[in-house]
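First up is the structure itself, then whatever we jot down about it.
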Amino acid sequence: MNKQTVLVVAAHPDDEVLGCGGTIYKHHLAGDKVYLITLTNGVSARDNHDSDDTVIRNEALEKSCKTLGVDEYHCLSFPDNQMDTISLLSITKEIEKFAKDKKISTVYTHSLKDLNIDHQITHKATLTAFRPQPGLSVKRILAFEVLSSTEWSSDFFTPNYFVTLSDDCWNKKMEAMKYYSEELREFPHSRSIRNIENIGSLRGACIGYTKAEAFELIRSID
């Protein structure tokens with residue numbers, strides 16, 4: 001099988017783990033090239049935010065990328081939870097600039113069916129950046145779910161593509177998530193360790209496996 005060149009476009013550091021951390025590591029094991037771009041720092045919209053919070057989040061991102069086998073990552077500085085104040089064109093151009101000359105074949109990004117405005121904007125900008133023009137290298141675009149925002153939307157996430165995960169892949173996802181300890185909550189919050197495990201088991205059960213991550217297939221070109 002030909003090696004893939006993968007790009008994950010995430011609104012915030014930690015979305016890459018929640019949405020497709022196991023899948024990223026599976027690509028790494030397959031020898032695929034994996035790039036990640038995050039569009040905000042994920043913390044600046046919070047009350048009492050200071051520079052230390054940004055440093056902690058960036059350190060978590062670096063450790064997450066190392067654990068999951070991300071080959072290159074880049075963190076942009078669009079305003080956290082205020083991406084609707086920025087023109088879609090500006091965001092799209094930044095994604096295009098990062099992807100230029102990388103010959104991306106597979107893209108993962110947020111589902112549009114999500115409560116978080118940054119996730120919605122990221123989805124729209126990503127699809128715009130990789131619109132199907134002649135000569136485009138991208139053959140597949142998949143949208144992931146993020147616990148504590150996708151399931152809170154009034155529009156239902158409807159997965160039609162599943163990636164099965166071995167114990168090794170799942171454990172790497174959970175190891176990477178623990179670096180984002182500031183983002184974890186106590187059970188029964190949906191962004192608790194227990195419920196992250198639960199959604200992996202549920203998505204696996206949907207297809208007769210122990211663990212899986214689920215996606216909406218936006219486009220596939222053979």
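The numbers here are math on the coordinates, done by the rules we state, and not lab data. This structure is a prediction, so every number in the text was calculated from the model and none was measured. Note that each Cβ is placed from the backbone with ideal geometry, even for glycine, and that neighbours are counted across all protein chains shown.
Secondary-structure-derived ellipticity at 222 nm for the chain, considering helices only, amounts to -12000 deg cm²/dmol, per-run term -39500 (n - 2.57) for DSSP H runs with n ≥ 4.
Per-residue extension of 0.36 nm, minus the Cα-Cα distance of I193 and S220, leaves a gain of 6.5 nm for this segment. Both radii were evaluated on the Cα set of segment 1-103; the Rg over Rh quotient, with Rh as the Kirkwood radius, amounts to 0.99.
In this structure, the amide hydrogen of I218, modeled 1.01 Å from its nitrogen in the peptide plane, lies closer than 5 angstrom to those of I141, L142, A143, counting only residues at least 5 positions away or on a different chain. Most simply put, the chain has about 35% antiparallel DSSP beta bridges, counting only bridges with both residues inside it.
Derived scalar couplings between HN and Hα for segment 116-130 equal 6, 5, 5, 5, 5, 5, 4, 4, 5, 5, 5, 5, 5, 4, 10 Hz in order, rounded to whole Hz, by the Karplus curve 6.51 cos²θ - 1.76 cosθ + 1.60 (θ = phi - 60°), x for Gly and Pro.
Within 14 Å, Cβ to Cβ, of D114, how many net charges do the neighbouring residues add up to if Lys/Arg are +1 and Asp/Glu are -1? Spelling it out: positives minus negatives among the neighbours equals -4. Summary of packing: across the peptides 116-129, 99-112, the per-residue average of other C-beta atoms within 10 Å ranks them, highest first, as 116-129, 99-112.
Computed over the Cα atoms of segment 5-220, the ratio of the radius of gyration to the Kirkwood radius (Rg/Rh) comes to 0.93. The magnitude of the dipole of segment 78-222, with charges of +1 and -1 set on the Cβ of Lys/Arg and Asp/Glu and taken from the Cα centre, is near 540 debye. Between L202 and S90, the modelled labels are 3.6 nm apart [label points 7 Å from Cα along Cα→Cβ].
Relative contact order, whole percent, for the chain stands at 24, derived from Cα pairs under 8 Å and 6 or more residues apart.
As a quick test, which of the pairs K100/K211; K26/K139; K139/K172; K124/K172; K63/K172 have an alpha carbon distance above 23 angstrom in this structure?
Beyond 23 Å between Cα atoms: K100/K211; K139/K172; K124/K172.
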